[in-house]
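One structure is given here, and the rest of the page talks about it.
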Amino acid sequence: MERKTEKFIEELKRVDALVFLVSRRELSKKLKEFLDDRRVKEVYLKEEGISFSLDLGDIKIYTEFKEGIPVGITEENFGVAYSGGLVELAKNAEDKLPSLLPDIHVALIREENIVDDFSDVFERIEKPLPDITFVVGPSKTADIEKILVKGAHGPRELVVFIVR
Amino acid sequence: MERIDFYENARRILANPVIVNAVQKATSHALAKRLDTISRIPDFESLRDKARAAKEEIISNFEDFLEKFKKNATRNGFIVHEAKDAKEAKDIVYEIFSNHNVKTVVSSKSMTQEEIEINPFLESKGIVKYETDLGEFIIQTAKQKPSHITAPAIHMTRKEIAQLFHDKLGMEYTEDPEEITYFARQFLREKYFKADAGMSGANFLIADTGSFVVVENEGNARMSTTLPKLHVAVTGIEKLIPSIKDFPNFIKILAPSSTGQHQTVYTNIFSTVGRGREVHIVLIDNGRRKMLADPVLREALMCIRCGGCSNVCPIFQLLGGHAYGSVYSGPIGIIWTYAIFGHSVARDLPFASTLCGACHEICPVRINIPKILLHLRHRVVEKEGGPFAERLLVELWEKVMTHPTVNKFGFRIASKAQVFFERDRKIRCLPWILSRWTEWKDIDPIPGKSFRELWKERQKNS
Ligand code: SF4
């Protein structure tokens with residue numbers, strides 16, 4: 001495995017992300033297995049944001065959010081090995097919602113899009129800049145007696161599929 | 001604003017062990033995490049230097065960078081406003097809101113919004129604004145003030161929060177932090193979808209791309225800035241950094257110095273407006289240009305509001321943020337409060353420091369806080385002449401120390417008289433003006449023989 005992929009995974013685990021390393025061929029199967037395992041019947045995603053062809057069988061795909069959909073799926077533009085950061089580029093606000101509204105955020109990322117550091121990200125994004133969001137782990141708070149609670153306003157869980 | 005009575009605040013807080021314990025826990029927790037995190041960042045020291053250099057560049061060429069930011073932000077489609085003071089800022093926000101017929105607002109944590117006291121203002125105009133950061137939401141519901149920059153509700157126990165949410169919001173009583181958090185999550189979810197506008201602050205303004213940055217952990221800033229169609233960011237003009245190329249250096253030092261995290265959960269960089277939306281940036285001066293023109297205070301403009309100096313400050317560790325009586329607390333908060341709210345409000349504050357230097361050491365952009373505090377003390381004493389008792393003591397001391405005969409007899413008398421005040425070889429309680437001194441510390445008694453006498457004896461004997 002490449003050094004930066006290793007570091008990326010190490011950092012992701014540090015922020016409590018669940019990580020799967022899969023081949024492109026087995027992505028749909030592994031993703032479906034994960035969703036079935038969690039008894040997920042509905043997912044929310046923006047098709048134009050995802051470059052894989054996903055076959056999720058009987059799982060219903062929504063492109064508009066509806067309260068109660070447990071999983072949002074996104075493809076990440078970059079992964080930053082330095083901090084385990086997932087980088088999402090968005091031209092419109094609604095593109096940001098699949099990684100924000102549902103309880104579980106499933107992030108897909110191509111291994112070749114993992115970079116070492118932040119500066120690599122900014123060098124690769126064309127100007128004028130879109131909106132850029134760095135996502136590092138599931139949302140969290142420690143505002144009550146410093147006790148860590150995962151899932152403040154955003155997802156409670158982050159699941160990352162690295163596709164090679 | 002009224003004069004802040006630091007001493008009175010301190011007395012009140014010290015009488016409340018809940019606050020004292022909570023603050024100690026919060027600060028030591030952040031410091032321990034910081035050490036652990038920076039041990040994994042081998043170039044941390046040079047990142048600090050680079051960030052400092054970038055801020056120095058801003059300070060020495062401020063108006064140019066601000067112009068550049070405004071030009072680029074406008075090109076990005078943001079509507080940029082400038083406000084010279086708090087009143088102007090509030091009027092601008094209100095005008096935007098009236099134009100859009102805004103009735104409810106969701107807002108993510110912003111010190112600048114607190115600085116201009118926008119909440120009571122909007123309330124008076126009939127606009128409902130929800131603070132969405134959990135800690136801020138708690139203190140808003142309790143009608144209190146934040147006690148720590150990154151942990152605003154740290155002074156409250158889970159019991160108090162549970163009771164508060166039960167009484168005010170109808171939560172089924174539970175003391176489980178997770179359940180309380182999920183209750184707030186559910187409560188605010190609805191508000192995000194219904195709100196007419198979202199507000200935020202900004203941690204950074206990037207001059208060369210016209211972008212602004214908001215960092216957070218909870219996702220509430222993301223919600224507030226994506227769900228409503230109108231986004232108003234209110235921020236101080238000092239948040240500038242020259243280039244997106246500098247940004248990595250800042251993002252790498254901010255979270256470790258603050259909560260001790262490697263990076264915050266979300267870093268939101270805004271550079272576009274997007275379909276069907278409107279984004280306003282309100283840039284606030286409110287005394288910052290005056291700081292810039294002041295050779296001593298200008299360094300404080302480099303602050304990136306990490307809160308590290310508070311965590312490490314022995315005074316803050318004991319008292320927390322409320323003692324400072326201002327939105328800006330801790331060592332750097334003293335300087336900001338003095339600069340923004342003025343001498344008459346903040347004249348006690350420069351003395352609320354041991355000048356131990358820990359804040360300077362921890363500050364990611366290496367602001368020499370103790371030096372500035374010492375300078376502010378000087379200003380206070382120049383204006384106020386210092387307390388009468390202190391002046392009298394210093395003058396007396398000067399007399400005694402500069403006249404050998406007075407010195408000799410003075411100390412002799414004192415060493416005899418002190419028996420009335422001595423207990424267990426310490427002087428714990430002196431009369432009249434001297435009581436101000438012994439109220440806070442015990443002093444060693446004057447020894448029976450002075451140095452001069454000992455010296456003479458020694459010469460004789462040898
Ligand atoms: S003065 Fe330095 S340590 Fe204190 S909050 Fe500002 S940047 Fe952080």
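Of all DSSP beta bridges located in chain A, what percent are antiparallel, nearest 5?
Given both bridge residues lie in chain A, the antiparallel proportion sits at roughly 30 percent.
Could you compute the longest span of chain B free of chymotrypsin sites (Phe, Trp or Tyr not before Pro) located in DSSP loops and having at most 15 other Cβ atoms within 10 Å, not counting the site residues? Could the numbers behind the result be given before it?
Numbers: sites that count: B:Y173, B:W440.
Here the longest segment lacking exposed loop sites spans B:174-439.
For the protein assembly as shown, give me the percentage of DSSP beta bridges that are antiparallel, rounded to the nearest 5 percent.
Values: 25 of 74 bridges.
That works out to approximately 35 percent antiparallel.
Taking only complete DSSP H runs, can you tell me which helices of chain B stretch 27 Å or more along their own long axis by Cα positions and average at least 1.6 on the Kyte-Doolittle scale? Let's see the in-between values first.
Working: long enough: B:17-38 (31 Å, 0.30).
Qualifying helices: none.
Considering only A:G154, A:G72, A:G137, give the residue with the highest GNM mean-square fluctuation for chain A, with springs between Cα atoms whenever their separation is below 10 Å.
With Cα springs under 10 Å in chain A, the top fluctuation among A:G154, A:G72, A:G137 is at A:G154.
Looking at the square roots a ≥ b ≥ c of the eigenvalues of the Cα gyration tensor of the stretch B:221-313, which shape do they give, rounded for a/c under 1.5, prolate if a/b is larger than b/c, or oblate?
On the way: a/c = 2.09, a/b = 1.30, b/c = 1.61.
The shape class here is oblate.
Taking loop as defined by DSSP and a crowding limit of 16 other beta carbons within 10 Å, which GluC sites (Glu not before Pro) in the stretch A:1-57 fit? Walk me through the numbers on the way to the answer.
On the way: sites: A:E2, A:E6, A:E10, A:E11, A:E26, A:E33, A:E42, A:E47, A:E48; in loops: A:E2, A:E26.
The qualifying sites are A:E2, A:E26.
Summing Lys, Arg as +1 and Asp, Glu as -1, what charge do residues with Cβ under 10 Å from the Cβ of B:I149 carry, B:I149 excluded? List each step's numbers first, then the result.
Numbers: positive: B:K109, B:R305; negative: none.
After counting each charged neighbour, the total is +2.
What value, in deg cm²/dmol to 500, does the helix sum -39500 (n - 2.57) over DSSP H runs of n ≥ 4 give at 222 nm once divided by the residues of the protein assembly as shown?
Details: 26 runs with 273 residues, N = 626.
Value at 222 nm, helices only: -13000 deg cm²/dmol.
Enumerate by residue number the trypsin sites (Lys or Arg not before Pro) in the stretch A:60-125 meeting two conditions: DSSP loop (anything except H, G, I, E, B), and at most 16 other Cβ atoms within 10 Å of the site's Cβ. Don't skip to the end; give the middle numbers.
Values: sites: A:K60, A:K66, A:K91, A:K96, A:R110, A:R124; in loops: A:K66, A:K91.
Passing both the DSSP loop test and the Cβ count: A:K66, A:K91.
In the stretch B:372-396, which residues have a backbone nitrogen under 18 Å from the label point lying 7 Å from B:R452's Cα in the Cα-to-Cβ direction?
Under cut-off, by backbone N: B:396.
Specify the inter-centroid distance of the stretch B:184-221 and the stretch B:1-74, based on alpha-carbon positions, in whole Å.
That distance is 20 Å.
Find how many whole Å separate the alpha carbon centroid of the stretch A:123-164 from the alpha carbon centroid of the stretch B:125-148.
Result: 24 Å between the Cα centres.
Long-range amide H contacts for A:E157: which residues qualify at under 5 Å (H placed 1.01 Å from N, peptide plane, sequence gap of 5 or more or a different chain)?
Amide H neighbours of A:E157: A:H105.
Run the lone-cysteine check on chain B: no other Cys C-beta under 4.7 Å from the residue's C-beta.
So far as the 4.7 Å Cβ criterion goes, B:C303, B:C306, B:C313, B:C356, B:C363, B:C429 stand without a partner in chain B.
Where in the stretch B:355-428 are there trypsin sites (Lys or Arg not before Pro) that are in a DSSP coil and have at most 15 other Cβ atoms within 10 angstrom of their Cβ? Don't skip to the end; give the middle numbers.
Details: sites: B:R366, B:K371, B:R377, B:R379, B:K383, B:R391, B:K399, B:K408, B:R412, B:K416, B:R423, B:R425, B:K426, B:R428; in loops: B:R366, B:R425, B:R428.
Taking the stretch B:355-428 and a limit of 15 other Cβ atoms within 10 Å, the loop trypsin sites (Lys or Arg not before Pro) found are B:R425, B:R428.
Rule-based calculations on the coordinates, nothing more; no lab input. Since we're looking at a predicted model, the values are computed, not measured. Please note: Cβ atoms are built from the backbone with ideal geometry, for glycine as well, and neighbour counts cover all protein chains shown.
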